[in-house]
Amino acid sequence: MAEINGDLYVGQYAAAKIVKVNLLNNTTSDVIVGYKPNFFTVFEGRLYFTSNYTNKLYKLDVSNGQLDIVLNNLNYASGIAMNNELFFMCESSSSTITFYTRPGFQYVSSVQLPANSWPNGVIIIGNELFFVQTISGKISKMPINNLLHNDNFIIDNPKIKIYPNPSSDIIKIESVYQFEKYNIYDIQGKLVENNKLTNNEINISSLTNGEYFLQLDKTSQKFIKN
């Protein structure tokens, strides 16, 4: 359930629809039908919701009814939240919290929680991410900034190597995979470079010194520009 402009938007999973409730006169009307909605969040007047029936994240413009698919192939989403820079999604069956940049919803990385945590019902308060660990019956929190600083939270692919790291000019990529393009994000999740990959090398000399994340397909690797 979520509120936009004084109206409530309620998901009815069994009925496979979203209903709008006018709080002034207590009338209801169907908004969309057929998606079996699960979890809601609102940002900039748009309604975002997941459907574990279709395994997708949707964005609904309630002013004109336009519905867009934002993400595909979700792994049983069990909670969503976002701020100006990042979008967070609990995926209970894998006990992970995955985060993406905004507004482009590019994958950054995932937090791997203890097995069978079943994270649920995520919410952002200030600079902290709160969520329920369903199996243990706990409410946990994480500082959002720490997610991008803590090496333990970054899922690196052992088949991809970045070197030298740190580097002041060129980083090279050694991998069994072939990549055509890359994205570079700063530690706040902001996209700072998006380009084609040539000869498995990237010139980072123009970047300000600091920590960055290199995204290759759905894998993120941290590197340092010095």
For residue 87, state whether it is closer than 24 Å to residue 71 by Cα and either of a type in the set (Asp, Glu) or surrounded by 18 or more Cβ atoms within 10 Å (Cβ to Cβ) (or both). yes
Selection within the range 84-119 - among the hydrophobic types (A, V, I, L, M, F, W, C) and under 14 Å from the mean Cα position of the chain (by Cα): 86, 87, 88, 89, 90, 97, 99, 105, 108, 111
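Any read-out appearing in this document is the output of simple, stated calculations on the displayed coordinates, not a laboratory observation. In this text, all values refer to a predicted model and were calculated from it rather than measured experimentally. Note that each Cβ is placed from the backbone with ideal geometry, even for glycine, and that neighbours are counted across all protein chains shown.
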